[in-house]
Amino acid sequence: MRYLQRFLGHLLLGAAVLGSSCAMAQDFPSASRTITLVVPFSAGGTPDIVGRLVGNALRDRMGVPVIVDNKPGAGGNIGARYVASKPADGYTLLVVPMGTLSVNQWLYKSVPYSPEKDFTPVNNLVGVPNVLVVGQNSKVRSVKDLIAASKSQPQGLSYGSSGLGTSIHLCMELMKAQSGANLLHVPYKGSAEAVTDLLGGRLDVVCSNIPPVLPMVRDGRLQAIATTGKTRNPLMPNLPTVAEAGLPGFEAQAWIGIVGPAGLPADVQQKLSAALSQVLSDPKIAQQLTDLGLVVMNQGPKEFTQYIADESVRWKKVITAAGLLHHE
């Protein structure tokens, strides 16, 4: 009898929780609530640019306030941990770069979240090709110049990144592994700080996402020497890829998506994914992203989940080859 009472009690509790979850999903999004897009890097970098552009369009699409909250540090771990700890109600989402879900678990001995268990994939927004840039007064004009210059100096050349395990970091580590270049890593909280020091002559090179540095390349403040995708970037058609410039098979492209905390109700996940898909399918938004040198991906939850897993396998191999497995 007591067992039956306990069983019925658990059953009623479960029904109450399920009913609450269903009601929440039906009410989502509420006009009285704000959707917060957490960017785990500082303002001015590509995740921030994409988050703000997509966030503004999402606000118009869903009819609720959408804000961006930058929480930089620890290669994206601080912002990721914050979102993982929030209620799974759809109102706190993570603008997630590649490193946060497919890289950090291989670089760090421990991370304050589980990439597989603590998040619900919503939509993979864009692919992010990189470009190698040097200062306007640098004598480096090509990938071969860069490698040769690094080997000619005992201290090598310095390169900045937006943190350990970001695509900007792994791009250069991949180059080191394939070319034997002598390159010193200088991590920052975000790519904007690294580019500032490159402009000031305090760094030798940055493998930057294209959007933040494109205006500086166009006005001559920085020199671009190669892009890192499989093919040439439409915004820089005369610039060779690293593979063309002397490192066959080289490719380093990041991506940026949106995830929620684990346990996000399926209806809320689908509503968010559908709204984001509509945003990315808007020709005006798609053109704005393309003009930034980005590749619209627009992967829904199922495809995005598989993509994260495949990228995790890929970058584990790169990190292991670079001698960085559980380095920190």
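All of the numbers you see were taken from the coordinates with simple rules; none came from a lab. Everything numeric here is computed off the predicted structure, so don't read it as measured data. Virtual Cβ from ideal backbone geometry, glycine too; neighbours counted across all protein chains shown.
Can you give me the Kirkwood hydrodynamic radius for segment 155-206, using every pair of distinct Cα atoms, in Å to one decimal? Could you put the intermediate results ahead of the total?
Details: mean 1/r = 0.0929 Å⁻¹.
Every distinct Cα pair counted, the radius reaches 10.8 Å.
Beta bridges from DSSP with both residues in the chain: antiparallel share about 60 percent, rounded to the nearest 5. Once the Kirkwood radius over Cα pairs is known for segment 134-227, the Stokes-Einstein relation at 25 °C and 0.890 mPa s delivers a diffusion coefficient of 188 µm²/s. In terms of overall dimensions, the chain has a Cα radius of gyration and Dmax of 21.5, 85 angstrom.
For segment 229-328, the Kirkwood estimate of hydrodynamic radius, built from reciprocal distances between every pair of different alpha carbons, is 16.4 Å. In units of the rule-of-thumb radius 2.2 N^0.38 Å, segment 94-134 shows an alpha carbon radius of gyration of 1.41.
When the chain is treated as a Gaussian network with alpha carbon springs shorter than 10 Å, the biggest mean-square fluctuation among LYS139, LYS316, LYS71 belongs to LYS139. When each full DSSP H helix of the chain is screened for a Cα extent of at least 18 Å along its own axis and an average Kyte-Doolittle hydropathy of at least -1.0, the helices passing are 2-27, 46-62, 266-281, 301-321. Compactness of segment 65-147, taken as the C-alpha radius of gyration over 2.2 N^0.38 Å, stands at 1.46.
From the helices alone, meaning DSSP H stretches of at least four residues, give me the mean residue ellipticity at 222 nm for the chain, per-run term -39500 (n - 2.57), in deg cm²/dmol to the nearest 500. Mind dumping the intermediate values first?
On the way: 12 runs with 147 residues, N = 328.
Value at 222 nm, helices only, nearest 500: -14000 deg cm²/dmol.
Mean sequence separation of contacting Cα pairs (under 8 Å, at least six apart), scaled by the length of the chain, corresponds to a relative contact order of 25 percent.
Separation of the alpha carbons by more than 27 angstrom is noted, of LYS230/LYS317; LYS117/LYS317; LYS117/LYS316; LYS139/LYS317, for LYS139/LYS317. For LYS86, list the aspartates and glutamates whose Cα falls under 15 Å from its own Cα; do not include residues on the same chain fewer than 8 positions away. Within the straight-line cut-off, LYS86 pairs with ASP69, ASP118. Taking the average, over residues, of other Cβ atoms within 10 Å as the packing measure, peptides 72-85, 93-106 rank 93-106, 72-85 from highest down.
Within the listed set VAL213, VAL64, VAL134, the Gaussian network model of the chain (springs between alpha-carbon atoms below 10 Å) gives the highest mean-square fluctuation for VAL64. Put a dot 7 Å past the Cα of SER114, heading toward its Cβ, do the same for ASN137, and the two dots end up 5.3 nm apart.
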